[in-house]
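The values are calculated or read from the model by the stated rules, or taken from the named source; none is laboratory data. Given the structure is predicted, the values throughout are model-derived calculations rather than measurements. Cβ coordinates were reconstructed from backbone atoms using ideal geometry, including for glycine residues, and neighbour counts include every protein chain displayed. Keep in mind that these areas ignore ligands, DNA and RNA; they rest on the heavy atoms of the full protein, side chains included. Shrake-Rupley method; radii C 1.70, N 1.55, O 1.52, S 1.80 Å.
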Amino acid sequence: MSAVFPTVREVLALDPVRHGAPRVVAGDDGLDRPVRWVHVAEVPDIATLLGGGELVLTTGIGLPGDDAGLRAFIGDLADVGVSGLVVELGRRYVSGVPRVMAAAAERRGLPLVELRRATPFVRITEAVHALIVDAQLTELRATEEIHQRFNDLSVEGADAAEVIRQAAELSGCPVVLENLSRQVLGYDPAGESAELLLDGWEQHSRRIRPAGRTAYDPDSGWLVTTVGARGQDWGRLLLRWPASGDVPSARAIEPAAGSPTRLTILIERAASTLALGRLIRRDAEGLERQIHRTLLTALLDHSRPVDEVGLRAKALGVVLDRRHLVGVMVRHRADDPAGEVGPEAGQARLRDLSEAVGQALRESKLTALTSAVDDNSVGALLALPDPAAEDRALSAFASALRRVRLDVGAGRPGPGVEPARVASDASRAALGADPPRAGFGAEAARAGGDVPRGAGPGAVIVAAGSGVSTLREARRSLVEARQIAEAARRDRRDLPIFRLPHVGLAGLLHLLRDEPRLQTFVERELGALLEYDARHPREQLLDTLRAYLEQGRNKSAGAAAAHLSRPAFYERLARIARILDVDLDSVEASLSLHVALLALEAVRTP
């Protein structure tokens, strides 16, 4: 029964009823029953004409005169489910209703009320019916607002987080979106404690087993609806509404009556909006991946409190608290590989790389937050049981990544890969996402087997930051991994994992390329030469200096590398020495210039 109806208690508070000096003589526990209608009756067999939920008004004139008849009358009313019985004193009963009637009503839990002063019943019926109609009109307006709000969200293409927020705002209740594995995809605590809401969520959710696609579970106090479309369900939307709780948007009703109609409409409209959004964004990432990206980005740019990131990750099944955390970045060496041009090709390549990283993590049985973090890199925050597992975990991941890339590129399943991929595809299909793209790693397939990481534009770099012991330090590990990956692009070695000791001087300068003091050093050492080249673009003395230094100050080798005759090369070196006012035969001066050249290249490299 809908909560738009007033309760017996609220009816007794109306002015026309109060004028009759009402007194409850039995059934106090039933005063919160809703009143669907008011019916005036003066015959003993009125129960056969009622449908339940009515408040019966009578003067008692036509009621039975014997005790058995009164008990039967009360029993019939209770059986049909009336909300209460109001008896006006003065015509049949003068000082009070018969004790046998009060005892029978008390025994059946039926509210029995005496009106000790004569009151026109028509005023009571008008007041109650007006209250019901007004409440129904209010309910209709609220329902229209729900439909309009979610229609707007659908048109605007709102993401899941906004849909959940609106549902919580309209209902005043906590709302949780979960996948079929009972992992939290999004939530809004509606002002309550998020930690208490999500603590032990999976176990709690599995105990919520409503009957039907949309149903209320009175034992847990959750209203639940299934989310999905076209026969593909991918989650559940839950709204906590304890039937006896205090909900701002609806009156409390009996637990057996279930949740208010308005909340049922709301949660179903929210679920429809989520399902529609999933269909519209069929090519978009799955919700889990979106949340992974949100959380990784939050760690990198401090957009969310660290405690919230940890809480949301735990609800998603990735425990980061009390773990050894290692930031990892995976990227291609070349931003624009041969044969791939345009933003769509870049997005497809990044999506393929992200899929491969996720598959490698699953195959190596590692727990991590993982997603693309920019246009070129896929990040992962590994959560390991202890520091001793770091090297073993990174090696397993690097091996799995190489194997996955080769297997997918060659179009064949590798050892132990197919079961995990099938599971991955099933979960992605449940969320409406695309299956993994064939063709990733095709450059390896064309080569006919394994290829060195440093060979070809399609090669990838795997970089890992220093391990940390708390989530608050995770950003440092992720940033370090990103910087190492950038620096390693200059390194042609075939290393499965690049760590900070591997980056060398060039890598170190790349890490420091945004440091103002390094940029000042470059200008101090090479500024005059750069200005000269700007005025004489045909000469480009900077290239001459680079050739000389890269050949170990061997002038003959430098001239050959610069494709100049030795006299011309010598003359250019002399001119460079005059412009920079340095002795190029000095080891210390040449070393300083060489470092400045490396730093300049690092500053110029995006």
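Look through the range 59-70, keep the residues that are out of contact with any strand residue (DSSP E or B) (no Cβ under 7 Å at 6 or more places or on another chain) and either of a type in the set (S, T, N, Q) or not in a helix (DSSP H, G or I) (or both), and return whichever of them is farthest from I132 (Cα to Cα). Outline the logic, then answer.
So the first thing to find is which residues in the range 59-70 are out of contact with any strand residue (DSSP E or B) (no Cβ under 7 Å at 6 or more places or on another chain), and the list is 61-70.
Okay, now just the ones that are also either of a type in the set (S, T, N, Q) or not in a helix (DSSP H, G or I) (or both), so 61-66.
Numbers: I61: 28, G62: 28, L63: 28, P64: 32, G65: 34, D66: 36 Å.
Restricting to residues being out of contact with any strand residue (DSSP E or B) (no Cβ under 7 Å at 6 or more places or on another chain) and either of a type in the set (S, T, N, Q) or not in a helix (DSSP H, G or I) (or both), the top hit is D66.
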Quiz item: Any residue at all in the range 2-18 that is over 17 Å from A135 (Cβ atoms), of a type in the set (S, T, Y) and open to solvent by less than 30 Å² (accessible area, probe 1.4 Å)?
Solution: no
Quiz item: Of all the residues that make up the range 133-148, how many are touching a residue at least 24 places away in the same chain (Cβ under 8 Å), more than 22 Å from V17 (Cβ to Cβ) and not β-branched (V, I, T)?
Solution: 4
Practice problem: Six or more apart or on different chains, Cβ under 6 Å: which pairs go from a residue in the range 298-311 that's touching a residue at least 40 places away in the same chain (Cβ under 8 Å) to one that's part of a loop (DSSP other than H, G, I, E, B) and surrounded by fewer than 17 Cβ atoms within 10 Å (Cβ to Cβ)? Could you list them? | Solution: G310/D321
Quiz item: Among (1) in contact (Cβ under 8 Å) with a residue 12 or more places away in the chain; (2) within 47 Å of the chain's Cα centre (by Cα), which single condition is A13 missing?
Solution: (1)
Quiz item: Is there a residue being modelled with pLDDT of 85 or more, outside any helix (DSSP H, G or I) and over 24 Å from L263 (Cβ atoms) anywhere in the range 158-181?
Solution: no
Quiz item: Only one residue in A190, A194, A168 is over 18 Å from E288 (Cβ atoms), in contact with an Asp or Glu (Cβ under 6 Å, 6 or more places away or on another chain) and of a type outside the set (K, R), so which one is that?
Solution: A168
Practice problem: Give the residues of the range 28-41 that are touching a Pro at 6+ places or on another chain (Cβ under 6 Å) and either in a strand (DSSP E or B) or of a type in the set (A, V, I, L, M) (or both), sorted by residue number. | Solution: L31, V35
Quiz item: For the range 105-115, how many residues are touching a strand residue (DSSP E or B) at 6+ places or on another chain (Cβ under 8 Å) and open to solvent by 20 Å² or more (accessible area, probe 1.4 Å)?
Solution: 1
Quiz item: Of all the residues that make up the range 577-605, how many are more than 30 Å from E486 (Cβ to Cβ), open to solvent by less than 30 Å² (accessible area, probe 1.4 Å) and in a helix (DSSP H, G or I)?
Solution: 1
Quiz prompt | Residue check for R92: open to solvent by 70 Å² or more (accessible area, probe 1.4 Å), under 21 Å from G52 (Cβ atoms) and either at pLDDT 95 or above or of a type outside the set (F, W, Y) (or both) | solution = no
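To keep it simple, each residue is scored yes or no on (1) among the β-branched types (V, I, T); (2) in contact (Cβ under 8 Å) with a residue 40 or more places away in the chain; (3) within 16 Å of T58 (Cα to Cα).
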| residue | (1), (2), (3) |
| --- | --- |
| Y93 | no, no, yes |
| V97 | yes, yes, yes |
| R107 | no, no, no |
| L112 | no, yes, yes |
| T119 | yes, yes, yes |
| I124 | yes, yes, yes |
| A127 | no, yes, no |
| A130 | no, no, no |
Exercise. Scan the range 57-78 and report the pairs whose first residue is under 15 Å from L112 (Cα atoms) and whose second residue is of a type in the set (S, T, Y), with Cβ atoms within less than 6 Å and a gap of 6+ or a chain change.
Key: G60/Y93
Quiz prompt | Top-ranked residue in the range 398-412 [being within 18 Å of I497 (Cβ to Cβ) and either at pLDDT 95 or above or of a type in the set (D, E, K, R) (or both); ranked as surrounded by the most Cβ atoms within 10 Å (Cβ to Cβ)] | solution = R405
Practice problem: May I ask you to verify whether L509 is part of a helix (DSSP H, G or I) and closer than 30 Å to F397 by Cα? | Solution: yes
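Within the range 222-252, take every residue that is modelled with pLDDT of 70 or more and among the β-branched types (V, I, T) and give me the one that is nearest to L287 (Cα to Cα).
Only one residue fits best here, namely V227.
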Quiz item: Only one residue in A118, A127 is under 30 Å from T261 (Cα atoms) and either small (G, A, S) or modelled with pLDDT of 95 or more (or both). Which one?
Solution: A127
Quiz item: W37 passes all but one of (1) under 16 Å from L77 (Cβ atoms); (2) more than 54 Å from the chain's Cα centre (by Cα); (3) open to solvent by 70 Å² or more (accessible area, probe 1.4 Å); which number fails?
Solution: (2)
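Among the listed residues A78, A130, A102, A118, which satisfies the condition of being farther than 23 Å from A21 by Cβ, among the aliphatic types (A, V, I, L, M) and either open to solvent by 60 Å² or more (accessible area, probe 1.4 Å) or not in a loop (DSSP other than H, G, I, E, B) (or both)?
Working: A130 fails: farther than 23 Å from A21 by Cβ; A102 fails: farther than 23 Å from A21 by Cβ; A118 fails: farther than 23 Å from A21 by Cβ.
Result of the check over A78, A130, A102, A118: A78.
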Quiz item: So is R482 open to solvent by 40 Å² or more (accessible area, probe 1.4 Å), in contact with a strand residue (DSSP E or B) (Cβ under 7 Å, 6 or more places away or on another chain) and in a helix (DSSP H, G or I) or not?
Solution: yes
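Each row is one residue, and each column tells you yes or no for (1) part of a helix (DSSP H, G or I); (2) hydrophobic (A, V, I, L, M, F, W, C).
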| residue | (1), (2) |
| --- | --- |
| G20 | no, no |
| R23 | no, no |
| V43 | no, yes |
| L57 | no, yes |
| A72 | yes, yes |
| V97 | no, yes |
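Does at least one position in the range 506-527 carry a residue that is of a type in the set (V, I, T), surrounded by 14 or more Cβ atoms within 10 Å (Cβ to Cβ), on the phi < 0 side of the Ramachandran plot and touching a Phe, Trp or Tyr at 6+ places or on another chain (Cβ under 9 Å)?
Kept after step one, since they are of a type in the set (V, I, T), are these residues of the range 506-527: 520, 522.
Subset that is surrounded by 14 or more Cβ atoms within 10 Å (Cβ to Cβ): 522.
Those left that are additionally on the phi < 0 side of the Ramachandran plot: 522.
This time we only want the ones that are touching a Phe, Trp or Tyr at 6+ places or on another chain (Cβ under 9 Å), so: none.
Checking the range 506-527: not a single residue is of a type in the set (V, I, T), surrounded by 14 or more Cβ atoms within 10 Å (Cβ to Cβ), on the phi < 0 side of the Ramachandran plot and touching a Phe, Trp or Tyr at 6+ places or on another chain (Cβ under 9 Å).
Residues checked against (1) modelled with pLDDT under 90; (2) more than 24 Å from R304 (Cβ to Cβ); (3) surrounded by 20 or more Cβ atoms within 10 Å (Cβ to Cβ):
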{"site": "A444", "(1), (2), (3)": "yes, yes, yes"}
{"site": "A447", "(1), (2), (3)": "yes, yes, no"}
{"site": "D450", "(1), (2), (3)": "yes, yes, no"}
{"site": "R453", "(1), (2), (3)": "yes, yes, yes"}
{"site": "V462", "(1), (2), (3)": "no, yes, yes"}
{"site": "E486", "(1), (2), (3)": "yes, yes, yes"}
Practice problem: Out of the residues in the range 193-223 that are in contact with a Gly (Cβ under 9 Å, 6 or more places away or on another chain) and in a strand (DSSP E or B), state the one that is surrounded by the most Cβ atoms within 10 Å (Cβ to Cβ). | Solution: L223
